[in-house]
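A.B. asks: There's a structure below that I have some questions on.
Please treat every number below as a calculation from the coordinates, not as lab data. Values in this document were obtained by computation on a predicted structure and should not be read as measured data. So basically every Cβ, Gly included, is an ideal-geometry build from the backbone, and we count neighbours across all protein chains shown.
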């Protein structure tokens, strides 16, 4: 099988402040369909939006790049938790992620 080389780095975060604000606005718009029930969520999203607006583009790149890496690892952890709960044998093989972070710090997964 022939391996194809990517012309870009998929781990490089290139979204801009405007891109992120667009999606935060879309989330707020969605939650505003039920503003009373979602009051706390809307308020939190507006505070996040204000924080993003005051950050530099460089800070946005750094912060969101790290957040996305951590979220991807949380998704993996969540999948492992489901697998452990369901007694799937492969889960034990990948179960060392939490241990790795506990022993080596968050840098252990951010540098992957």
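A.B. asks: Give me P(r) over region 57-112, computed from all C-alpha to C-alpha distances, binned every 10 Å, as integer percentages.
C.D. replies: Result returned by the calculation: 22, 44, 25, 7, 1.
A.B. asks: Given points 7 Å out from each Cα along the Cα-Cβ axis, report the residue 99 to residue 74 separation in nanometres with one decimal.
C.D. replies: 2.4 nm
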